[in-house]
Each structure stands twice: as C-alpha cells, then as structure tokens.
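Reviewing the structure listed below.
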Amino acid sequence: KSHLAKVLTAGKYRVVLRDAACSGEDNELEATWAALTPADVVEDAAGRLARAIDQAYAASAAELKAVLFERERGLEKLRVLKRFFLAGQGDFLANFLDLADAELRKPAQKASPTRLAHLLAVALAASARGEGA
C-alpha cells in the first residue's frame with residue numbers, strides 16, 4: 001500500500017475506534033510521531049516518516065482487529081447473522097419467496113401475518129433438512 005493510502009486507512013480506523021470509545025493510548029506511537037522533524041516530513045531521507053506511517057497503520061489495524069474480533073466477538077456475531085439470514089446456505093429465502101408469493105402479492109392490510117409466519121417456518125425447516133420446499 002502507498003503511504004497515502006496507509007495514512008487514510010489508519011485515520012479511518014482511528015475514527016472508528018474513537019467513536020466506539022475503545023481507543024487506548026499508544027505512548028510508543030506518540031513518541032515516534034513526536035520525534036519527527038520538519039525535514040523528516042518534507043524529504044524523509046532517513047525514512048523516519050515512512051516508518052512512523054507504517055507503525056501507525058499496523059498499530060491501528062491491530063487495535064481494530066482486536067476490538068472487532070476479540071473484545072466484541074465479531075466473528076461469532078457474523079456467523080449468527082449468516083445462519084439467521086442465510087440459514088447456512090441461503091436457500092431458505094428463495095423457498096420462502098416461492099411459497100409466500102400469493103400472500104406477498106396481497107395488499108399489506110390483507111396479508112396474513114400468521115400465514116406468512118407458517119410459510120417462513122416451512123421454508124426454514126426445508127432448508128434445515130437440505131431439501132427444496
């Protein structure tokens with residue numbers, strides 16, 4: 001990644017972490033940035049700015065990953081959403097739409113929520129058994 005892309009991405013990560021109120025202090029990272037001189041920013045002959053950008057990017061990415069996948073158990077939540085919305089395969093939605101076609105074409109006031117719930121249960125059961133409805 002280019003340094004510009006890393007700066008923009010790290011900045012986005014920091015905003016997410018700040019908005020989620022979970023950004024911790026990184027004294028080593030702050031010290032690295034504080035040690036930069038105007039010459040480092042303008043010409044970066046020693047590569048100190050590039051190293052500082054790489055370090056900020058890596059630290060932000062690691063912190064965001066830790067928050068999303070460890071503290072907030074993001075992977076578990078994504079699996080639950082996958083099972084719920086896609087029933088593991090994604091076929092239940094197509095089955096439900098086929099079964100409920102006539103009911104869904106009715107005006108909202110005339111459609112039966114009980115009938116739709118039953119058709120959804122049938123579609124989910126068929127998906128769980130691995131067969132079409």
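Nothing in this text is a laboratory measurement; each read-out follows from the coordinates by a stated rule. Keep in mind that this is a model prediction, so the values were computed, not measured. Glycine gets a Cβ as well: all are built from the backbone with ideal geometry, and neighbour counts include every protein chain shown.
Once both labels are positioned 7 Å from their Cα atoms along Cα-to-Cβ, the gap between Asp54 and Ala66 label points is 2.1 nm.
Using a simple spin-label model with pseudo-atoms 7 Å out from Cα toward Cβ, Leu78 and Ala108 lie 3.3 nm apart. Residue-wise HN-Hα couplings along the stretch 54-64, as the Karplus relation 6.51 cos²θ - 1.76 cosθ + 1.60 with θ = phi - 60° gives them from phi, are 4, 5, 5, 4, 5, 5, 5, 5, 5, 5, 5 Hz; Gly and Pro carry x. Highest mean packing comes first when the peptides 9-20, 98-109 are listed by Cβ atoms within 10 Å, giving 9-20, 98-109. Straight-distance candidates among the lysines for linking to Lys12, with alpha-carbon spacing under 23 Å and chain neighbours fewer than 8 residues away dropped: Lys1, Lys65, Lys77.
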